[in-house]
1. Give all pairs with beta carbons closer than 6 Å in which a residue from region 236-264 that is assigned to a loop (DSSP other than H, G, I, E, B) meets a residue that is aromatic (Phe, Trp, Tyr); count only pairs at least 6 apart in sequence or on separate chains.
2. Among the residues of region 135-149, write down those that are in contact with a His (Cβ under 9 Å, 6 or more places away or on another chain) and in a loop (DSSP other than H, G, I, E, B).
3. Out of the residues in region 482-520 meeting the condition of being under 30 Å from residue 611 (Cβ atoms) and among the hydroxyl-bearing types (Ser, Thr, Tyr), tell me which one is modelled with the lowest pLDDT.
4. Please report, ordered by residue number, the strands (runs of 3 or more DSSP E) entirely within region 274-363 with at least 1 residues that are more than 16 Å from the chain's Cα centre (by Cα).
5. Residues to consider are 379, 393, 449; find the one that is part of a strand (DSSP E or B), more than 18 Å from the chain's Cα centre (by Cα) and buried (at least 22 other Cβ atoms within 10 Å of the Cβ).
6. Just need a number here: residues in region 425-480 that are of a type in the set (A, V, I, L, M) and farther than 18 Å from residue 494 by Cβ.
7. Identify all residues within region 291-329 that are hydrophobic (A, V, I, L, M, F, W, C) and in contact with a Phe, Trp or Tyr (Cβ under 7 Å, 6 or more places away or on another chain); write none if there are none.
8. Scan region 351-363 for residues that are of a type in the set (S, T, N, Q) and more than 12 Å from residue 323 (Cα to Cα) and report the count.
Amino acid sequence: MQINKPTSKIFILSFFLFFFLSLQAQSVSIPLLERKVSLTAIRQPTEKVLKQISEQTGCVFSYSGELINVQNNSTVIVTNKPLKVVLNDLFGNKVSYRTRGKYIILKKNKETSKPADIKILEGYIYDKHTGRQVTEASIYDKKSLLSTTTNQYGYFRIEVPQSQLTSNLCISKAGYSDTLLLSSMLDSSRKMMEVSLSTNDAKREPGINFKKFLPKWLLPHKIDIHSTNLTDSLFRRVQLSLIPMVNTNALLTGNTKNDWSINLTVGYVYAIQKCELGAGINIVRTNAGVCQLAGAGNIVGANSFGFQGAGGFNKAHNAFGFQAAGGANVVNQNGNIQAAGGINIAGKVNVQLAGGINIARDTVIIQVSGGINKVKNYANIQVTGGINIAKNANAQIAGGMNIAKDTAIVQVSGGINIARNSSFLQVAPIRNRVINSSNIQIAGFANKAKTTNVQIGFLNTAKRVKTLQLGIVNIADSCSGIPIGLFSYVRSGYHHLEVSVDEASFASLTYRSGVQRLHSSFSVGILTKNLNDKLFIHGFGMGTSLGNPRKCLFDIDLSTNQFVTSQKFLSDGNQFKLYTGIDRKISRHISLAAGISYNMLINKTTSAYDQLMYSQVVPYTISDRMLNGDTRLRSWIGGKVAFRFM
């Protein structure tokens with residue numbers, strides 16, 4: 001697209017007009033007395049000097065010739081200085097000035113209405129290296145606690161009683177070295193002071209950002225500025241406050257240490273050495289000693305060395321004493337004793353007592369809670385009605401669940417225990433679990449571990465068992481100890497499927513599982529002596545095998561059998577068998593077993609199947625006698641031949 005020349009000229013003119021108006025708007029936004037002046041006037045009439053200033057700043061001076069003799073000669077040499085400083089150089093304390101629009105009205109100074117002992121100090125503070133104004137610098141008097149800050153142009157003004165003014169006025173600003181206004185400057189006849197500060201990168205003590213806890217209307221910005229700037233800590237024996245902006249420490253309360261502090265609503269001080277009482281919230285920037293009592297809460301930025309009591313909450317970086325709260329206690333690092341109706345939170349703590357939740361990020365000695373105890377790293381004792389969680393724990397006792405992410409010495413629970421790495425003792429009515437290593441697990445239902453010494457429960461599972469598994473069901477990858485249970489399965493252990501015949505049964509099928517030293521067996525079989533009404537058997541046994549499993553084993557088994565007809569299970573008779581025999585390996589997966597057994601049959605003579613069925617189980621007797629009236633005991637010697645597959 002082609003742009004013609006007239007259009008191009010209009011565009012360029014519009015751009016420069018916009019740029020010029022922007023500069024003018026910025027200039028107008030700067031107050032007249034803060035506009036910069038650069039001027040060299042040696043022994044020139046004052047009226048001419050004022051005219052040159054007007055041309056630079058855009059202001060118009062208004063004054064009475066009768067009051068100010070502007071024909072007198074004046075000498076002014078300034079470079080890039082605020083107009084307020086230039087007027088002070090011209091007239092000193094003889095002339096006062098005020099602004100109205102673009103006009104600066106000059107008047108001859110009359111006797112001030114200020115009390116005779118009030119000294120007005122004002123001036124500008126600059127950066128020594130850049131020459132720029134330093135904003136939000138703190139100017140204060142240690143004796144009177146009077147203070148102010150520089151505005152956005154680096155200007156300050158403070159009124160200090162002569163009787164309270166110390167020999168030096170202090171200037172502090174974060175990032176700069178502290179500076180003293182010497183007595184020679186304070187006593188100077190020059191009203192306007194100019195002070196340069198040197199930069200300093202030394203770290204200053206951080207304060208609490210109490211704006212997180214209180215609404216803005218309660219918090220004068222100058223309190224926060226002073227807390228950030230000052231390195232000095234001032235002292236007053238007693239502090240009284242209505243709100244942070246209305247107190248006897250004035251605006252330097254964030255840097256004032258007190259022995260005693262009483263706060264009607266919210267208090268904010270640098271430190272407490274003895275006692276602080278508050279109906280609302282007590283906020284201490286650094287350390288609090290001996291006692292803090294608050295209706296709502298106590299907040300300590302550094303260390304609490306005594307007792308913190310609050311109806312709501314207590315918070316401290318370190319609490320080397322006792323915290324008691326109706327709601328919550330919070331310690332960032334170290335705590336001694338925390339007692340709360342709700343929540344206790346600490347980095348490291350000795351004792352936590354809570355009706356709800358205890359949380360320690362690192363180490364805890366004792367946690368007692370009605371709900372949950374949680375430790376990220378290490379806990380000595382955890383007691384709760386609900387859940388305990390720790391990375392490492394000596395003792396965990398819970399009505400519900402205990403969890404140790406790494407190591408637990410003792411875990412006792414009404415529900416479930418879980419440890420990731422190692423546990424010495426776990427006791428629970430429902431479940432114990434250790435992902436890696438456990439010494440003792442006792443559970444009413446399930447135990448699980450990668451490696452364990454002892455497991456006692458309904459269901460025990462582990463990859464490696466060193467000593468004992470005692471339960472209804474035991475499962476392991478390997479076991480150097482003994483599993484005792486109704487069913488035990490060891491993947492690398494002893495498990496055979498056996499087909500056998502003996503003196504009573506036509507055929508029996510038995511599954512034997514566990515370890516060589518102790519294994520369990522389940523069997524089913526069929527009797528054929530009575531073809532009209534067949535009789536079946538089912539049984540359970542425990543056994544041990546001695547010798548070399550690759551060659552020959554000597555078996556000792558103890559088992560019990562019950563009987564089943566085609567119509568019903570018979571519960572009024574039992575067969576007990578003690579078997580000894582030889583198990584000879586004949587191939588890689590097959591062995592031949594044979595041996596003799598001692599058998600006993602105990603049944604009720606009142607049973608309808610006594611003569612019809614039970615008498616056919618016994619081939620002959622070596623003993624036949626009555627026990628307790630209607631109970632009959634018969635015994636005999638039998639034998640068995642079997643093939644075993646593995």
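1. Matching pairs, first to second residue: 244/268.
2. 136
3. Initial filter on region 482-520 (under 30 Å from residue 611 (Cβ atoms)): 500-510.
Among the residues that remain, those that are also among the hydroxyl-bearing types (Ser, Thr, Tyr) are: 500, 505, 508, 510.
Numbers: 500: 92, 505: 81, 508: 90, 510: 93.
Applying the filter and picking the extreme gives 505.
4. Numbers: elements: 281-284, 291-294, 297-304, 307-310, 313-325, 328-331, 334-340, 343-354.
Of the strands (runs of 3 or more DSSP E) lying wholly inside region 274-363, those with at least 1 residues that are more than 16 Å from the chain's Cα centre (by Cα) span 281-284, 291-294, 297-304, 307-310, 313-325, 334-340, 343-354.
5. Values: 379 fails: more than 18 Å from the chain's Cα centre (by Cα); 393 fails: more than 18 Å from the chain's Cα centre (by Cα).
After applying the criteria, what remains is 449.
6. Of the residues in region 425-480, the ones of a type in the set (A, V, I, L, M) are 425, 427-428, 430, 434-435, 440, 442-443, 446, 449, 454, 456, 459, 462, 465, 468, 470, 472-473, 475-476.
With the extra rule that they be farther than 18 Å from residue 494 by Cβ, the set shrinks to 425, 427-428, 430, 434-435, 440, 442-443, 446, 449, 454, 456, 459, 472.
Residues meeting the conditions: 15.
7. Filtering region 291-329 for residues hydrophobic (A, V, I, L, M, F, W, C) gives 291, 293-294, 296, 299-300, 302, 305, 307, 310, 313, 316, 319-320, 322, 324-325, 328.
Correct list: 291, 299, 305, 307, 320, 322, 325, 328.
8. Taking region 351-363 and keeping what is of a type in the set (S, T, N, Q), we get 352, 358, 363.
From what's left, more than 12 Å from residue 323 (Cα to Cα): 358, 363.
Adding up the residues that qualify gives 2.
The values are calculated or read from the model by the stated rules, or taken from the named source; none is laboratory data. As the structure is a computational prediction, the values presented were derived from the model and not from experiment. Note that we place each Cβ from the backbone using ideal geometry, even for glycine, and neighbour counts take in every protein chain shown.
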